[in-house]
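The values are calculated or read from the model by the stated rules, or taken from the named source; none is laboratory data. For clarity, every value in this text was computed on a predicted model and none was experimentally measured. Cβ sites come from the backbone with ideal geometry, for glycine too, and all protein chains shown count toward neighbours.
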């Protein structure tokens, strides 16, 4: 029927364009992960599962994955909590003025790689703003780039600064579209602010929250720009994430095949994690009772 | 108590948001002494502001000129967003109104396929994209970069707009069809005019992610099509002094900050209501 | 042109939505589809308009096989129970739109749209957006949009459903004028309200579980409902049904209630039956053997009437009382049945005898 034609007309151009762009890189990555290829070589050889075997014994890769759990989950949680708080304040009351809303959105608009450079200048141990301020209030300067914990903190700060506004924007938009009736009745019942939040606002915001969290987790797990420009994965490999590790192996040391192998592994793990998370979220957000 | 906490949060959060930007702004006007001899914060009081940093990046001193990269970024972002928005909103509309299926893959799986394009770290895709663009003779061209960026931006557009279209009553487009529009005309004549908020949000995210992309631009372009982030990172890689670097940072984030005003305006008018669900 | 449905069936997700609907709709008449909320009224309309594809059967408009024509070329107008208009167009723009799509020139479209707006009384609002109108006005815009094209088929899916009681009565009056003016088209009007059906309909089609279970002149169907289902659907509040028996020339319902056979069921043979009584024909009070005492289980005011649900030994019976009365739950009341006004159904639910008019 003609309906079928239109049905396809909507989806297929976009889907096919996407597939056309992505199909070669994906197939190539799969193939190259089973080779031992470097750029100077003209053809692809066959190395079977050698790269895969190597990966399973590659300690740094797995520890970078573990580190990623910190970077993605901790930063996303912080962003969600702070973003929700900011959204609540900007929803009603004093901070709902234009000035605050615009101000709190600004970090989202800035370029992460560029801001990482700014953060690096702030966390410079000798002439940076952070230590400058600390000395002014009588605290000893901190070795931001040479000890593990402070280096992790700098990345966390940069990520929270950059992406909390993402949560803020999505959650604020969600709050503004909530039905007003339920809040009115809660007000009439004399429910406390805190109870209103937990029993009405939070559950209503669950679907939006889940979408925002999933997208943030996907993006946060690729964390690269800030590490590249801020700590270069240092000190040592203390802030090295998979994205950075496979960049080093694949593009800096030209172990392209091995980089591809790790990339695929990462893809598989990410899809698995997201599927499981999606299931958990779906179960959690199911309306209780009824 | 509650009030104190509230004001404290608002104050501290605003200060935190402003901190790095104001630091970069102040630093961009510093003379060498104000940078190299420890942190200084207040212009005129602690140092005499100079324009040297800004001269360095605007081609005045001959050190670097960020205007061509600005132009490149604008062109590439514009076209990548345009393409993503056009095809993305059609796909999203289709996914919201029709049910597709191929074997046991249904609409949610197709939506996940779109989103999953954002999972792969760019470092993995850089090499195959490099080879792809090279064979298409698109390396170091705007077209090539637009193509690659589109694959990352369209998923965002689809993700946002499927939910948006789901919220528009389907009776409106049914009505249009009953009154003589074929499904495509119904989409263009009734759904699109009603979707300005959704399209704005999706377009905005697309612009943000496109403008801010570093990796693909870094690997897939060299001298012809240097984008702003690449240019700034390149400055960072050389012995560029902090004041110049700070000026370049402010220079490259300034254009999009204007977007924050646009977004806020939509938010206040309720234009966003339902744009993200 | 006649709209002819032949064995139309719709299935979805393994469920039967419409089953073997065959009917010939003639132009110039108003057909009322009456049925409960999920009886398939909306599905039938959506199938005729093309929004649902039938799994089986054929639909003809004159000689044209309608179910093979795409929606946008069918030329069918439809009014939804939600007030659906184009939010981004003005009232005038809304009414012009179908005309412009049909190729009417700009000037003509405007003139015809304005004339239509005049008819529905919205001339002064022509430059407003639909969202700036009240619910009733929004629905008038939707109706104006549907009527302005003069289509062969007009479908109205519970158009008054979401309006308040007063507005409903007012629009119902206007509808009679508006639709009678469109003599050359088939008008199908879905509703759950028997009053609307009796007031507007030339023909009444009773739908239940995806089938047309009875059709005919509204009065006939109302007086002679072929089954209990029909009787329940065409009476609001639904007809009360109680079990009873015909024995030795009299009717006994439950243990205590009995009366002599009234004339319209005299010829029925002895045995067990189901008896139906309209809420408006149950009598409050009485002392005879045709009366029984019970307890009020629910009392509600609807418009200018009071509905009383009374629990008796023989089952629950609904009474419709004129005016607004105050009864409390548990209050003892006596009701009696008017033997001349009982409907008689056999145990399968088919009509055996009706009191007639």
Yes/no for residue A:81 being within 27 Å of the chain's Cα centre (by Cα), under 30 Å from residue B:251 (Cβ atoms), assigned to a helix (DSSP H, G or I) and free of Cβ contacts under 8 Å to residues at least 12 places away in the same chain: no
Qualifying position, being modelled with pLDDT of 90 or more, closer than 21 Å to residue B:179 by Cα, more than 14 Å from chain B (Cβ to nearest Cβ) and in contact with a helix residue (DSSP H, G or I) (Cβ under 6 Å, 6 or more places away or on another chain), among C:34, C:17, C:59: C:59
From the list A:73, A:24, A:89, A:56, which one is over 18 Å from residue B:125 (Cβ atoms), modelled with pLDDT of 85 or more and within 13 Å of chain B (Cβ to nearest Cβ)? A:89
In the set B:194, B:178, the lone residue that is modelled with pLDDT under 90 and either facing another protein chain (nearest Cβ under 9 Å) or in contact with a helix residue (DSSP H, G or I) (Cβ under 8 Å, 6 or more places away or on another chain) (or both) is B:194
Residue B:25 is checked against (1) touching a strand residue (DSSP E or B) at 6+ places or on another chain (Cβ under 9 Å); (2) within 25 Å of residue A:161 (Cα to Cα) and fails just one. What number does that condition carry? (1)
List the number of the failed condition for residue A:32; all other conditions in (1) within 9 Å of chain B (Cβ to nearest Cβ); (2) under 20 Å from residue B:109 (Cβ atoms) hold. (2)
Got a number for residues in segment A:94-124 being more than 7 Å from chain B (Cβ to nearest Cβ), touching a helix residue (DSSP H, G or I) at 6+ places or on another chain (Cβ under 6 Å) and modelled with pLDDT under 85? 1
Find the helices (runs of 4 or more DSSP H) located wholly in segment B:1-81 whose residues include 1 or more that are at the interface with chain A (Cβ under 9 Å from one of its Cβ atoms), without any contact (Cβ under 8 Å) to a residue 24 or more places away in the chain and surrounded by fewer than 19 Cβ atoms within 10 Å (Cβ to Cβ), and list them. B:2-27, B:32-36
Scanning segment C:239-261 for residues that are assigned to a loop (DSSP other than H, G, I, E, B) and in contact with a strand residue (DSSP E or B) (Cβ under 8 Å, 6 or more places away or on another chain), which turns out surrounded by the fewest Cβ atoms within 10 Å (Cβ to Cβ)? C:249
Check segment A:151-162 and report whether any residue there is more than 9 Å from chain B (Cβ to nearest Cβ), surrounded by fewer than 19 Cβ atoms within 10 Å (Cβ to Cβ) and part of a loop (DSSP other than H, G, I, E, B). no
Does segment C:93-118 hold any residues that are more than 8 Å from every other protein chain (Cβ to nearest Cβ) and surrounded by 21 or more Cβ atoms within 10 Å (Cβ to Cβ), and which are they? C:94, C:95, C:96, C:99, C:109, C:113, C:116, C:117
Out of (1) surrounded by fewer than 22 Cβ atoms within 10 Å (Cβ to Cβ); (2) farther than 30 Å from residue A:88 by Cα; (3) in contact (Cβ under 8 Å) with a residue 12 or more places away in the chain; (4) away from chain B (no Cβ under 11 Å), the one residue A:253 does not meet is (3)
Filter pass, residue A:178 being touching a residue at least 24 places away in the same chain (Cβ under 8 Å) and either at the interface with another protein chain (Cβ under 10 Å from one of its Cβ atoms) or closer than 24 Å to residue B:21 by Cα (or both): yes
